[in-house]
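Written below as structure tokens is the structure these notes are about.
The values are calculated or read from the model by the stated rules, or taken from the named source; none is laboratory data. Keep in mind it's a predicted model, so treat the numbers as computed, not measured. Virtual Cβ from ideal backbone geometry, glycine too; neighbours counted across all protein chains shown.
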Amino acid sequence: MTAPEEMACQVCLSPLNTLGVPPTYVHPIQLATDGHEPVPVPVRQLDTVQRRCDFCGDPYPTWTLVGGEIAAVAIGAAGGLVQNFGQAWAACATCQTYIDDGRNDKVVDRAVQALGLGNRPEARERIEQLHLAFLNVRVSGRTLITTTAWPATPIAARDLPKVRDRLTRFYRGRDNLPFAFASNDVRQQIADGLDRSRMYWIDDDFTDLGEYAAEKLPDVAVGRNLTPSTDGLLVWSRPVTRRQITAASWTVTGDGWHLVTYRTIGGGLHGTPLQRLREQVGWLAPMHAGHVHEQHLLPGGHPAATLVAAWLLIGQQAAQITTADLDKAVRKTYARTNRPAPEVRVVRIRAGRDTTPPSRRSTPAGPERPTNNRFWVSGHWRNQPYGPGRTLRRPVYINPFLRGPDDAPIKLSTTVRMLKSHKPKPEDHD
């Protein structure tokens, strides 16, 4: 029998338990809410889920484990009440480390400490019974939780080769991924694409530009002339958009691309749990994956819209690209495995770029509407003709600019977004 689909509350993003028969979705008993009723939606539809470790309550669970079907029965004057905790439990990196090492007692200790029950032996005994009922019949394997909103972990340009290599190894490993990543063929294709990929690191200013431009991105037909390389991995200097995306990859296929967005993982961890997570997973956890066909019309609100905006800005020569200095250890590692030294391209706003829109670069043929002020025109996209007979169209981003007579005062009631451009210093690659 197929297990029921996991549901979460669309309001608070908390996973929901089931209560009674037939099942009713309820918030977990220990969850403090504002009193709202659960609004169930499938977890697979959400980028972020506010779940906790089912063993100790840690807010950054890492793995889903499958074990015994656990239910708690409460008996009262009104009769019995059954709460089903399910057979899939979330484990944080620390609890998973103890479980891997066979130290279930340490897992119980974490739960007792988190609940403030250290001076109540009977409470510890009940928690231990609950945990062991699950762990003693746990099945092999585990699934990476990709919906945990980890604190951001900055990734420097020089670190991209090891970040890519660890991600590639994870795709080829045995640990499971949910939903769109479940196919071994897709995982292998993405891993092969990462091996071939060019690596791009986007600096702070270009990240700001790309994020702002992505908010206004129109629907775009994705073609092979759009991507800056056949396969690629692109990392922003900070998380972008409300989805908090840190990186994206694209892998060419026979009829299009696999597009994947990522968040960083492991922020706030220390010691052995962090070391194991870096070894087993790396720095990036996939958030959203999709296959896009050649000339597919990608909507502006798509999870990969910021990636597409970056492609377009690089393609219209808004970018100045330099090469990052890499650690000697990285070069030696590649040399030992007979691989060519990796190259990381650092993307910045082109210094001295002319931001005047095409319509303002020459004297207009007709009369302009007179104005007594200059005012800022917000950055926006404009369709540009290209291709055979200039019959095709692709968006070109127009930076914010001042419109009006040169000697007129600037209207102060307009919001202005300032973008910097600078010549990179030789050491300015991180």
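When the residues of the stretch 31-51 are filtered to those that are part of a loop (DSSP other than H, G, I, E, B) and within 19 Å of the chain's Cα centre (by Cα), the one that is nearest to GLY116 (Cα to Cα) is ARG51.
Based on this model, can you work out whether ALA304 counts as in contact (Cβ under 8 Å) with a residue 12 or more places away in the chain, over 28 Å from ALA149 (Cβ atoms) and in contact with a His (Cβ under 9 Å, 6 or more places away or on another chain)? Step through it out loud before you land on a result.
Working: in contact (Cβ under 8 Å) with a residue 12 or more places away in the chain: yes; over 28 Å from ALA149 (Cβ atoms): no; in contact with a His (Cβ under 9 Å, 6 or more places away or on another chain): yes.
No; evaluated as a whole, the condition is false for this residue.
Checked against (1) farther than 20 Å from PRO28 by Cβ; (2) in contact (Cβ under 8 Å) with a residue 24 or more places away in the chain; (3) buried (at least 17 other Cβ atoms within 10 Å of the Cβ), ILE145 passes all but a single condition, namely (1).
Scanning the stretch 184-219 for residues that are surrounded by fewer than 17 Cβ atoms within 10 Å (Cβ to Cβ) and in contact with a helix residue (DSSP H, G or I) (Cβ under 7 Å, 6 or more places away or on another chain) returns a single hit, ASP195.
Just checking, how many residues over the stretch 246-261 are free of Cβ contacts under 8 Å to residues at least 40 places away in the same chain and crowded, with 21+ Cβ neighbours inside 10 Å?
To start, the set of residues in the stretch 246-261 that are free of Cβ contacts under 8 Å to residues at least 40 places away in the same chain comprises 254-255, 257.
Right, trim to crowded, with 21+ Cβ neighbours inside 10 Å and you get 257.
Number of matching residues: 1.
Which residues, taken from the stretch 284-310, are small (Gly, Ala, Ser), crowded, with 16+ Cβ neighbours inside 10 Å and over 28 Å from ASP165 (Cβ atoms)? Break it down into steps so the answer makes sense when it comes.
Applying the first criterion (small (Gly, Ala, Ser)) to the stretch 284-310 yields 285, 289-290, 300-301, 304-305, 309-310.
Subsequent filtering for residues that are crowded, with 16+ Cβ neighbours inside 10 Å retains 285, 289-290, 300, 304-305, 309-310.
Once the filter is applied, which keeps residues that are small (Gly, Ala, Ser), crowded, with 16+ Cβ neighbours inside 10 Å and over 28 Å from ASP165 (Cβ atoms), the stretch 284-310 yields only GLY300.
Among the candidates THR241, THR264, THR230, which residue alone is in contact (Cβ under 8 Å) with a residue 60 or more places away in the chain and either closer than 20 Å to LEU167 by Cβ or over 17 Å from the mean Cα position of the chain (by Cα) (or both)? After applying the criteria, what remains is THR264.
Condition test on ILE75, is it loosely packed, with under 13 Cβ neighbours inside 10 Å and either modelled with pLDDT of 90 or more or outside any loop (DSSP other than H, G, I, E, B) (or both)? Explain how you work it out, then say what you get.
Details: loosely packed, with under 13 Cβ neighbours inside 10 Å: yes; either modelled with pLDDT of 90 or more or outside any loop (DSSP other than H, G, I, E, B) (or both): yes.
It is true that ILE75 is loosely packed, with under 13 Cβ neighbours inside 10 Å and either modelled with pLDDT of 90 or more or outside any loop (DSSP other than H, G, I, E, B) (or both).
Do you know which residues across the stretch 86-135 are buried (at least 16 other Cβ atoms within 10 Å of the Cβ), within 31 Å of the chain's Cα centre (by Cα) and charged (D, E, K, R)? Listed by number, the list holds a single entry, ARG110. Considering only residues that are in a helix (DSSP H, G or I) and more than 30 Å from GLN96 (Cα to Cα), which ones fall in the stretch 264-316? If the condition is that a residue be in a helix (DSSP H, G or I) and more than 30 Å from GLN96 (Cα to Cα), then ALA305, THR306, LEU307, VAL308, ALA309, ALA310, TRP311, LEU312, LEU313, ILE314, GLY315 are the ones that fit. Selection over the stretch 267-283 of residues that are at positive phi, surrounded by fewer than 16 Cβ atoms within 10 Å (Cβ to Cβ) and touching a residue at least 40 places away in the same chain (Cβ under 8 Å) gives a count of 1.
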